[in-house]
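**Student:** The structure follows.
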Amino acid sequence: MFKFIKQYAESISGIDIYPIISLSIFLIFFIVLLVYVFKMDKQRVAEISSLPLDNEAPDQSKN
Amino acid sequence: MQIEKFQYDNQIVKNFIYATIIWGVVGMLAGLWVSLQLVFPSLNITQYGSFGRLRPLHTNAVIFAFVGNGIFMGVYYSLQRLCKARMYSDVLSKIHFWGWQLIIVAAAISLPMGMTSGKEYAELEWPIDIAIALIWVVFGWNMFATILKRREKHLYVAIWFYIATFITVAVLHIVNSFELPISIFKSYSWYAGVQDALVQWWYGHNAVAFFLTTPYLGLMYYYMPKAANRPVFSYKLSIIHFWALIFLYIWAGPHHLLYTALPNWVQSIGIVFSFMLIFPSWGGMINGLLTLRGAWDRVRDDVILKFFVVAVTCYGMATFEGPMLSLKNVNAVAHFTDWIVAHVHVGALGWNGMLTFGIIYWLIPRIFRTELYSKRMASQHFWLGTLGIIFYAIPMYWAGFMQSSMWKQFTDAGQLKYSFLETTINMRPFYAMRSVGGLLFIIGVILMVYNIYKTVKAGKLLANEDAEAPALEKNYVKHAGEHWHRAIERRPVKLMIFSLIVILIGGAIEMIPTFMIKSNIPTISSVKPYTPLELEGRDLYVREGCYTCHSQMIRPFRSETERYGEYSKAGEFVYDHPFQWGSKRTGPDLAREGTGNLKKTNGWHFRHFREPSSISPGSVMPAYPFLLEQQLDVSTLSNKIRAMQTLGVPYPPGYENEALGDLNKQANEIVQSLKSDSIQVAPNKEVIALIAYIQRLGKDISASKTINTNK
């Protein structure tokens, strides 16, 4: 089965670059993301995370 | 700083809540009904009520009507509060609401009529597809305009999930719906065979990801903190959750096609990314559950939190199971069995269902300014729902394992131990138990309907809720600081563009090479276009939803090649618009039904369509007596041939004028052979075309074993 599939996957010129591209995009993306997240200002994070809670209209229900 | 007064629109929230409840009941009842049809095939009443047509109705109703309205109800309430602004336009809100309901009604009518494009979870025909795209844009427009006029500087993470949902669903829907109309209610998929399969499951998987998951995660990040009255456990984790999830999800589609004729490297990419998905998914689940840290005692008394805890737990179970099912060795066992049905229902009933119910119980008393009519009843709903999930899932898991083991069992002499029919008959008790689980779940929902009805009666809708907030420090008149504010204002747009780029990367890397293959695909010289009669028969196969129970994809396992013949090759499907590989084997695979030791006489098929159980005692296949009565509609035949030519199927030029003659000739041949089997039937009946198609299946390959590769 693999032989059967390989023969036309291989026939695309430069197919081997695809896994390398995907791996690099993936790694770079996550490193940048992690750096961004860990450098976030703590106070700002606290402020944003309480956003759903702070604009409650008078609550008449208690459930 | 100037304090601005404005009002939140609760009317639209109420409308979407009602729609969620009504369509939820409809979709779940449809599910219960089709589950009973698998136990009692006599419940397939008339052609409009046969399993193959109702099962798409069930899936579409639950996904797009129940969960769809659930998304909108949750988004319209939370978005206004998170942006400290009323929805941008009440008119757009209304168009969105009524447009979406009309689409659902159109689906509920057209699917039982047999109007289907034959692609799972994207069955709706092209006019409805266009309507969906338009209404979806209205939703996005309204949402973005609201975000742009917000009074809160920061975009809370829930809004990120909403934005990603909007943009990705738009891309998925448009790309997967490329189809060539041949009449007002019939079209052919633009793609064929392997490519159609890849696009379809790129769509199909991401419909799960971006319709059933990301918007609901957005809701979780809003309503969980609300109900627990404390901020989310880790906001930083939620950011990682968001980007990791949307980045990884888009690549995972090929795990639906493991061991198929899809190129192996695409399968491998799908596996790797599916497996990695466990990390963001569990990050999100943990984030949700740990939001309750220090408040777990409240879960005992607060029924809403109970619903949320079960929902998030089911999310965790389903997203653990998903990556496991993507591993080839697990997939080899689970694919095509009821295990997958169990898996999706843990997600649909548990994650989507329970979260929706929790949100409804939370919202209704708030917008109706009253208390919930009965907490006890809500608690009973919770237990019925939870038990329903368990009673549904466990028999299905059991059935899945059993089915798979029986399919793969060989005798000592090296022959298959069980016929397919024997495996089907063994499934029936489990199907019955599953229906009981579904029934429990629905009884819970009906309790909710009553509870909500009484609550609404006791309260009064606060249609426009007063609110006030300082204006965002922007003033279009003032020039000071304008540049900086503009940058912030643009952020949601940037966010959308980033999300778009992120999802396009995955889609592009997966698809471009597969489309490049088109010129390199190993053409099998013996694979020929369908004859006109076979083509018409194939359209009937699509119309009747045969793909909901029959696959046309033989995987390269001995247990399958022994049972069904030579494994399926990519080159065999080049003229299949749409592909019909299927995803479930309630019945046997049909890829080589017209060849080898699977080949049956025309008379066998005729009698089998009329009454399957008379030929195969114990079969749960619906009877199709109407195919023997109805005349084949050949009025669009020349359009169909022309459409196929446009799509690259090599019918000779001008063939559309000769097609009808060939069709009649082949039909008469079949009628003659039926006559020798003492069956009298007119050549213009639908069943003749379907027999022609079934008899064609797999023939190309057996005609010639030589495979020419264009190198």
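**Student:** Name the trypsin sites (Lys or Arg not before Pro) in segment B:1-89 that are in a loop by DSSP and that have at most 16 other C-beta atoms within 10 Å, would you?
**Tutor:** Loop-located and lightly packed - none at all.
**Student:** Among the aspartates and glutamates, which fall within straight-line cross-link reach of B:Lys569, defined as a Cα-Cα distance under 15 Å, with same-chain neighbours fewer than 8 residues apart omitted?
**Tutor:** The qualifying aspartates and glutamates are B:Asp196, B:Glu560, B:Asp589, B:Asp700.
**Student:** Expressed as a rounded percentage, what relative contact order does chain B have, with Cα pairs under 8 Å and six or more residues apart?
**Tutor:** 18 percent
**Student:** Let me spell out the model: positive unit charges on the Cβ of Lys and Arg, negative unit charges on the Cβ of Asp and Glu, origin at the Cα centre of segment B:150-288. What dipole size does that give, in debye rounded to 20?
**Tutor:** 620 debye
**Student:** On a 32 Å Cα-Cα criterion, which of the cross-link pairs B:Lys153/B:Lys375; B:Lys460/B:Lys494; B:Lys94/B:Lys226; B:Lys14/B:Lys149; B:Lys417/B:Lys699; B:Lys119/B:Lys528 come out too long?
**Tutor:** Check vs 32 Å cut-off fails for B:Lys153/B:Lys375; B:Lys460/B:Lys494.
**Student:** Can you list residues from other chains, or at least 5 along the same chain, whose modelled amide H is less than 5 Å from the amide H of B:Gly565?
**Tutor:** Under 5 Å from the amide H of B:Gly565: no residue qualifies.
**Student:** Could I ask something else about it? Enter the angle in degrees (range 0 to 90, nearest 10) between the Cα long axis of helix B:214-228 and the first principal axis of the Cα atoms of chain B, meaning the one along which they spread out most.
**Tutor:** Relative to chain B, helix B:214-228 is tipped by roughly 40 degrees.
**Student:** Compare the Cα positions of B:Asn352, B:Phe307, B:Met276 along the charge dipole of segment B:276-378 (+1 at Cβ of Lys, Arg; -1 at Cβ of Asp, Glu; about the Cα centre) and return the one farthest towards the positive end.
**Tutor:** Result: B:Phe307, furthest along the dipole toward the positive end.
**Student:** Could I ask something else about it? Please report, in Å, the Rg and the Dmax of segment B:553-605, where both are computed over Cα atoms only.
**Tutor:** 11.7, 31
**Student:** Same structure, new question: For B:Glu4, which sequence-distant residues (separation of 5 or more, or a different chain) have an amide H within less than 5 Å of its own amide H, given hydrogens modelled in the peptide plane?
**Tutor:** When sequence neighbours closer than 5 places are left aside, the close amide H contacts are B:Ala469, B:Ala471.
**Student:** To the nearest 20 Debye, how big is the dipole of chain B about its Cα centre, given +1 on the beta carbon of each Lys and Arg and -1 on that of each Asp and Glu?
**Tutor:** 1700 debye
**Student:** Moving to a separate point now. Non-local amide H neighbours of B:Lys417 (under 5 Å, H modeled in plane, Pro and chain starts lacking H): which ones?
**Tutor:** Placed amide hydrogens put B:Gln409, B:Phe410, B:Thr411 under 5 Å from B:Lys417.
**Student:** Another one. Using θ = phi - 60° and the Karplus relation 6.51 cos²θ - 1.76 cosθ + 1.60, list the HN-Hα couplings for segment B:42-51 in order, rounded to whole Hz, with x at every Gly or Pro.
**Tutor:** 5, 6, 6, 9, 6, 5, 6, x, 7, 3
**Student:** Work out the FRET efficiency for A:Ile21 and B:Phe279 from their Cβ-Cβ distance, taking R0 = 22 Å, and round it to the nearest 0.05.
**Tutor:** 0.55
**Student:** Please identify every one of the chymotrypsin sites (Phe, Trp or Tyr not before Pro) in segment B:39-134 that sits in a loop by DSSP and has no more than 14 other beta carbons within 10 Å of its own beta carbon.
**Tutor:** Sparse-neighbourhood loop chymotrypsin sites (Phe, Trp or Tyr not before Pro): B:Tyr48.
**Student:** How tilted is helix B:303-326 with respect to the longest principal axis of chain B? Cα atoms for both, answer in degrees (0 to 90, nearest 10).
**Tutor:** Long axis of B:303-326 versus the principal axis of chain B: about 40 degrees.
**Student:** To the nearest 10 degrees, how steep is helix B:126-148 against the longest Cα principal axis of chain B, on a 0 to 90 scale?
**Tutor:** That works out to roughly 20 degrees.
**Student:** Also, quick follow-up: Calculate for chain B the 222 nm mean residue ellipticity that helices alone would give, adding -39,500 (n - 2.57) per DSSP H run of length 4 or more and normalising by residue count, nearest 500 deg cm²/dmol.
**Tutor:** Estimated from H runs of four or more residues: -20500 deg cm²/dmol.
**Student:** Something else: Answer with one residue from B:Leu627, B:Gln672, B:Gly438: the one whose Cα lies farthest towards the positive end of the charge dipole of the protein assembly as shown, charges on Cβ with Lys, Arg +1 and Asp, Glu -1.
**Tutor:** Value: B:Gly438.
**Student:** How big is D, in µm² s⁻¹, for segment B:272-337 by Stokes-Einstein at 20 °C and 1.002 mPa s if Rh is the Kirkwood radius over C-alpha pairs?
**Tutor:** It comes out at roughly 162 µm²/s.
**Student:** Can you classify chain B as rounded, prolate or oblate using the Cα gyration tensor, where a ≥ b ≥ c are the square roots of its eigenvalues, rounded means a/c under 1.5, and otherwise it's prolate if a/b beats b/c and oblate if not?
**Tutor:** Since a/c reaches 1.5 and a/b is larger than b/c, the shape of chain B is classed as prolate.
**Student:** Which whole-number percent gives the relative contact order of segment B:183-336, counting Cα pairs below 8 Å spaced six or more residues apart?
**Tutor:** 27 percent
**Student:** Run the dipole for the protein assembly as shown about the Cα centre, Lys and Arg Cβ at +1, Asp and Glu Cβ at -1, nothing else charged, and hand back the magnitude in debye, nearest 20.
**Tutor:** Using only the charged Cβ atoms, the result is roughly 1360 debye.
**Student:** Follow-up question, since we're still on this one. With unit charges on the beta carbons (Lys and Arg positive, Asp and Glu negative) and the dipole taken about the Cα centre of chain B, which residue among B:Pro127, B:Gln80, B:Leu180 sits farthest to the positive side?
**Tutor:** About the Cα centre, the residue reaching furthest to the positive side is B:Gln80.
**Student:** Given axes a ≥ b ≥ c from the Cα gyration tensor, I'd like to know whether segment B:596-711 is rounded (a/c under 1.5), prolate (a/b larger than b/c) or oblate.
**Tutor:** Judged from the Cα gyration tensor, segment B:596-711 comes out oblate (a/c at least 1.5, b/c at or above a/b).
**Student:** Taking N as the number of residues in segment B:313-364, what is its alpha-carbon radius of gyration divided by 2.2 N^0.38 Å?
**Tutor:** Output field value: 1.38.
**Student:** According to the square roots a ≥ b ≥ c of the eigenvalues of the Cα gyration tensor, what is the shape class of the protein assembly as shown, taking rounded for a/c under 1.5, prolate for a/b larger than b/c otherwise, and oblate for the remainder?
**Tutor:** prolate
**Student:** Continuing with the same structure: Mean separation of Cα pairs under 8 Å and 6+ residues apart, divided by the residue count of segment B:560-688: what relative contact order is that in percent?
**Tutor:** Relative contact order comes out at 21 percent.
Every number here is computed from the coordinates shown, using simple stated rules; none is lab data. Since this is a predicted model, take the numbers as computed values, not measurements. Every residue, glycine as well, gets a Cβ built from its backbone with ideal geometry; the counts of neighbours run over all protein chains shown.
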